[in-house]
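Trainee: Sharing a structure here in structure tokens format.
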Amino acid sequence: MNNNTNFLLKCFPKFFTVLPLLLLLILLLGEDPISKQIGFVGKGVDALPPSEICDNCQKVIFYAFQHYRQSSTKRLLKHWIKHLCNRYFEYRRRCHSKLVHNFREIWSDMESILDTSQRQRLRHYNGVDTKFKPYKTCEKLKECGKEQSPIDWTKGKQISVENEPWTEITPKQNSDEV
């Protein structure tokens, strides 16, 4: 026998000792009725309710806009969207698949708000710009539906982090705007 055959014969019995454990894990983590009866179903893509998907989308796009108005380049916008997607663990995969791949649409929405006269003013403005509505962008990307309400971004207090002014936002639902 050659070396490959000896190796397979040595490893083959070990595989059968591990196989029952693998099958048990597949049963517990899978989407079959047994795992649902046990109550040990792993989180899938649809683990978040639509309201949280909409809120997370708005948060990512809003904070990306705060960075974009400081230095308005497409490359940095894409970088910040990726970075902000990683901050929301349950929304991370969906965020990377939707927002990062559609960042040109997000960029065009942000760019339409900023014309050359507003750009200089907003770059040095420390508050929250209320003209940009992340809800509209999320609605275009089909992350928000008609039943969700936009987050009210006007609530916030001014803080300073390492000599850099920043606005801390406590998002609240606002059902008046749609």
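Trainee: Among the residues of segment 121-152, which ones are modelled with pLDDT of 85 or more, part of a loop (DSSP other than H, G, I, E, B), surrounded by 14 or more Cβ atoms within 10 Å (Cβ to Cβ) and not acidic (Asp, Glu)?
Mentor: 141, 144
Trainee: State all residues of segment 59-78 that are assigned to a loop (DSSP other than H, G, I, E, B) and not polar (S, T, N, Q); if no residue qualifies, say none.
Mentor: Of segment 59-78, the ones assigned to a loop (DSSP other than H, G, I, E, B) are 69-73.
Within segment 59-78, just 69 meets the criteria.
Trainee: Any idea which of 27, 84 is farther than 18 Å from residue 141 by Cα and either at pLDDT 80 or above or assigned to a helix (DSSP H, G or I) (or both)?
Mentor: On the way: 84 fails: farther than 18 Å from residue 141 by Cα.
That would be 27, the only listed residue that is farther than 18 Å from residue 141 by Cα and either at pLDDT 80 or above or assigned to a helix (DSSP H, G or I) (or both).
Trainee: Of everything in segment 66-99, what is without any contact (Cβ under 8 Å) to a residue 40 or more places away in the chain, within 25 Å of residue 52 (Cβ to Cβ) and charged (D, E, K, R)? Give them in sequence order.
Mentor: 78, 82, 87, 92
Yes/no per residue for (1) at pLDDT 80 or above; (2) within 13 Å of the chain's Cα centre (by Cα); (3) within 16 Å of residue 137 (Cα to Cα):
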position: 42; (1), (2), (3): no, no, no
position: 49; (1), (2), (3): yes, no, no
position: 68; (1), (2), (3): yes, no, yes
position: 119; (1), (2), (3): no, no, no
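The values are calculated or read from the model by the stated rules, or taken from the named source; none is laboratory data. Just so we're clear, the structure is a prediction, and the values are computed from it rather than from any experiment. Positions of Cβ are backbone-derived with ideal geometry, glycine not excepted, and every protein chain shown enters the neighbour counts.
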